[in-house]
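See below for the structure under consideration.
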Amino acid sequence: MPNKVRAAITGVQGWVPEDRLTNADLEKLVDTNDEWITSRTGIKERRILRTPGWATSDMAAEAVKGLLAKTNTTPGEIDLLIVATVTADMVFPDTANTVCDKIGAKNAFGYDINAACSGFLYALATGSQFVANETYKKVVVVGADMMSSIVDYQDRNTCVIFGDGAAAVLLEPRRDGTGIQDFVLRGDGAGREFLHMKAGGSKRPPSAETVAHREHFVYQDGKRVFKFAVEGMVSTVQEILRRNHKTIDEINWVVPHQANMRIISSVAEHLHFPMEKVMLNIQKYGNTTAATLGLCLWEYEDQLNKGDNIVLTAFGGGFTWGALYLKWAL
Ligand code: UT7
């Protein structure tokens, strides 16, 4: 009996801007210091997109171009391209179609998924379905966010956390047992109170007043989000392990959303999972929202072996959260 078709990650590529915003730089902008930022978040620096005229789609396009070169794929072969982002180039059209245009993916259709920091997880799960049910052979999933476009650099509660970046994966069918095995996705819209952007949407369209009140930036009740983030990631990882008859000892890597080093270590502690096997890049990039998970896979790719059991988990605005279990295919 041949194995069933699963969507496998057959390539991963990240892209981050060159410009760095260090903790020392932030000390000049707001009342903060390296000691506070490092001990409370684990972040040392973030990348900021400063190329004139560039936006989220340009970072995404760079990541996808690198992915195509690495996997010997032509743009015309892509069937579907999904972009997870909260910083779309424009309110409409969607960023995915812009990315398709910029990379010359003439045969693809695309759409955006807005699930904040869980965006990559939601997009990976969604894209995998088209491959697993054999509708499409090549699906590209991108997580990309230019958080610097929606961060208030006068607000020390949020400006120390976020950075810019993009990461893309190629999903292709595999029958060898590798690939995406299962996912648990959750949401609770009541959480919007604690993490949102106040204006710019249909609820509160842009006006001189919304600009004057600095309502076009990320608002976060950090303490509240912290608590839900730990609970949400731990419970969905535990659920996915249970469902797949796996113990935590059988997992080779946990890839957590990079929002705060203390959240990550708390999740690892609750799961009784060693930090040496937790992927980390928060110290270099901060919280890149939809890009964190893909950037982790990209940077740890050399350390991964075919068949490795990997669990991705994230928590973000919405609230949205979840866990995804895959067997590494490369
Ligand atoms: O990715 C999407 C999901 N987001 C998250 O998962 C983020 C979750 N939350 C967090 O990561 C943390 O809550 C933060 C990093 C945002 C904040 O850390 P905290 O330990 O929860 O600090 P806090 O908000 O309770 O603030 C403690 C103190 C406050 O001063 P007082 O009121 O005790 O005098 C803040 O004003 O630290 C102050 N503070 C700062 N001090 C220096 C807040 N930000 C800063 C800062 N530098 N940048």
Taking first residues from the stretch 294-310 that are farther than 14 Å from LYS327 by Cα and second residues anywhere that are open to solvent by 20 Å² or more (accessible area, probe 1.4 Å) and assigned to a loop (DSSP other than H, G, I, E, B), the pairs with Cβ under 8 Å that are 6 or more apart or on different chains are LEU295/VAL16; CYS296/LEU280
Give me the residue from the stretch 288-330 that is at positive phi and within 15 Å of the ligand (Cβ to nearest atom) and, out of that set, surrounded by the most Cβ atoms within 10 Å (Cβ to Cβ). THR289
Residues in the stretch 219-240: is at least one assigned to a loop (DSSP other than H, G, I, E, B), over 16 Å from GLY318 (Cα atoms) and not hydrophobic (A, V, I, L, M, F, W, C)? no
Counting just the residues of the stretch 229-244 that are within 16 Å of the ligand (Cβ to nearest atom) and open to solvent by 10 Å² or more (accessible area, probe 1.4 Å), which one comes out nearest to ASN260 (Cα to Cα)? VAL230
Select from the stretch 276-326 the residues that are small (Gly, Ala, Ser), under 23 Å from ILE248 (Cβ atoms) and assigned to a loop (DSSP other than H, G, I, E, B) and list them in ascending order. GLY307
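So, restricting to strands (runs of 3 or more DSSP E) that lie completely within the stretch 1-113, which ones have at least 1 residues that are over 30 Å from SER202 (Cα atoms) and either touching an Asp or Glu at 6+ places or on another chain (Cβ under 8 Å) or open to solvent by less than 40 Å² (accessible area, probe 1.4 Å) (or both)? First the steps, then the outcome.
Values: elements: 6-15, 20-22, 45-47, 80-84, 109-113.
In the stretch 1-113, 6-15, 20-22, 45-47 are the strands (runs of 3 or more DSSP E) which contain 1 or more residues that are over 30 Å from SER202 (Cα atoms) and either touching an Asp or Glu at 6+ places or on another chain (Cβ under 8 Å) or open to solvent by less than 40 Å² (accessible area, probe 1.4 Å) (or both).
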Expected output for the stretch 143-160 (first residue among the basic types (Lys, Arg), partner within 10 Å of the ligand (Cβ to nearest atom) and at pLDDT 95 or above, Cβ below 7 Å, 6+ apart or cross-chain) is ARG156/VAL30; ARG156/ASP31; ARG156/THR32
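The values are calculated or read from the model by the stated rules, or taken from the named source; none is laboratory data. Keep in mind that this is a model prediction, so the values were computed, not measured. Cβ: placed from backbone, ideal geometry, glycine included. Neighbour counts: every protein chain shown. For the accessible areas, the whole protein counts, side chains as well, though only heavy atoms, and no ligand, DNA or RNA atoms are used. Shrake-Rupley method; radii C 1.70, N 1.55, O 1.52, S 1.80 Å.
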